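Right, one structure below, let's go through it.
Only the coordinates and a few stated rules stand behind these numbers; no lab work does. Owing to the predicted nature of the structure, the values given are computational and were not obtained by experimental measurement. Using ideal geometry, Cβ is built from the backbone for each residue, glycine included, and neighbour counts are taken over all protein chains shown.
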Amino acid sequence: TGEGLIVSFGEMLIDFVPTVSGVSLAEAPGFLKAPGGAPANVAIAVSRLGGKSAFVGKLGDDEFGHMLAGILKENNVRADGINFDKGARTALAFVTLRADGEREFMFYRNPSADMLLTPEDLNLELIRSAKVFHYGSISLIVEPCRSAHLKAMEVAKDAGCLLSYDPNLRLPLWPSPEEARKQILSIWDKADLIKVSDVELEFLTGSDKIDDESALSLWHPNLKLLLVTLGENGSRYYTKNFKGSVDAFHVNAVDTTGAGDSFVGALLGKIVDDQSILEDEAKLREVLKFANACGAITTTKKGAIPALPTEADVLSLIKD
Ligand code: ADP
């Protein structure tokens, strides 16, 4: 596996997670560092499975930024699309699941280095050499990274890359839900392949129904594949010619962070070398079984990056 290059565009940051569960941020006695950022997770998911992967984005020229770049390197993700900002610092997020079941977030983004990526910073040669360009970034929210995001997409499209989009709705970061919906849908019809979660489907359609009708209301004429991930209920797929669902694997889930990114990385790693998957339902179902297995394994360990599987991990779950 792993001939074609997958470039993943967006942010990489550090989540600080309380050392004990079920407390508010103010009550946390201490925090553990969990590197993440959906696009970076996808880049590592691809390489851990044996694919060729690169990350494009900006980090702070600080201890955290160099730590994150080191993690990409250790995981065989190409780093020649990374910029370091001399002034701004690496993005940080503090995240907790409180005892009352609510998630609480706090972000260091005022502005963080990832938000300062400019169109001029982009390694265009790297983007043009990709077969698949994946974006799932919060950089749509503000300038100048918004312009960088749009330029990177355009360059990738002109170079003939397959464009893959995961909206990764992180509502607390947007000025308003209306703005989030509008901006996400503004780049919708550029993508060849879109993956949404059940929550995003509800949000984008404004309906609480998760069925074929609501999924297909998000269809656009140039789309090749639409996926809806449903956690422990697996995933649904839609193409011009066929639709269906693939069951999840039963696992003991302890932390679902990164399951969707793992799923996307697995899928892209297969499609990059064989685009006929998009037209052949039997092949697509095989690939989605593999991607569901990747997502499932990712839920069995704490954190996203440490939990991303190798191909051997996936094959052993599939054959059980
Ligand atoms: P996201 O992280 O984008 O919300 P999901 O949580 O739906 O995405 O996870 C992506 C995929 O990972 C699912 O389609 C499913 O195959 C797998 N997965 C997620 N959670 C579980 C779980 N609890 N048990 C088994 N598989 C899971």
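Our coupling estimate for region 112-119, obtained by passing each phi through the Karplus curve with A = 6.51, B = -1.76, C = 1.60 and θ = phi - 60°, is 8, 4, 4, 6, 9, 4, 10, x Hz, Gly and Pro reported as x. Each of H134, H220 was scored by other Cβ atoms within 10 Å of its Cβ. Listed from fewest to most, they are H220, H134.
If you take all other residues with their beta carbon under 10 Å from the beta carbon of N123, and give Lys and Arg +1 and Asp and Glu -1, the sum is -1. Classify region 163-229 from the C-alpha gyration tensor, please: rounded if a/c falls under 1.5, else prolate or oblate depending on whether a/b exceeds b/c. Oblate is the answer for region 163-229, as a/c is 1.5 or above yet b/c matches or exceeds a/b.
For the chain, what is the mean residue ellipticity at 222 nm derived from helices alone (per DSSP H run of n ≥ 4: -39500 (n - 2.57); sum divided by total residues; nearest 500 deg cm²/dmol)?
Values: 10 runs with 105 residues, N = 320.
When only DSSP H runs of four or more count, the value is -10000 deg cm²/dmol.
I need the GluC sites (Glu not before Pro) found in region 96-184, filtered to DSSP loop residues with at most 13 other beta carbons within 10 Å of theirs.
Numbers: sites: E102, E104, E120, E125, E154, E178, E179; in loops: E102.
Sparse-neighbourhood loop GluC sites (Glu not before Pro): E102.
Please label the shape of region 1-89 as rounded, prolate or oblate, based on the square roots a ≥ b ≥ c of the eigenvalues of the alpha-carbon gyration tensor (a/c under 1.5 means rounded; beyond that, a/b larger than b/c means prolate, else oblate). Oblate, since a/c reaches 1.5 and b/c is not below a/b. The value obtained for the chain, namely the Cα convex hull volume divided by the number of residues, is 128 Å³ per residue.
The residues neighbouring P172, those whose beta-carbon lies less than 12 Å from its own, together hold a net charge of +1 under the Lys/Arg +1, Asp/Glu -1 convention. Note that region 259-271 has calculated 3J(HN,Hα) couplings of 4, x, 5, 5, 4, 5, x, 5, 4, 5, x, 7, 5 Hz, one per residue in order, obtained from phi through the Karplus relation 6.51 cos²θ - 1.76 cosθ + 1.60 (θ = phi - 60°); glycine and proline are x.
Distance cut-off 30 Å, Cα to Cα: go down the list K190/K302; K73/K283; K52/K301 and report the pairs above it. Walk me through the intermediate numbers first.
Details: K190/K302 34 Å; K73/K283 32 Å; K52/K301 24 Å.
The pairs that break the limit, which is 30 Å between Cα atoms, are K190/K302; K73/K283.
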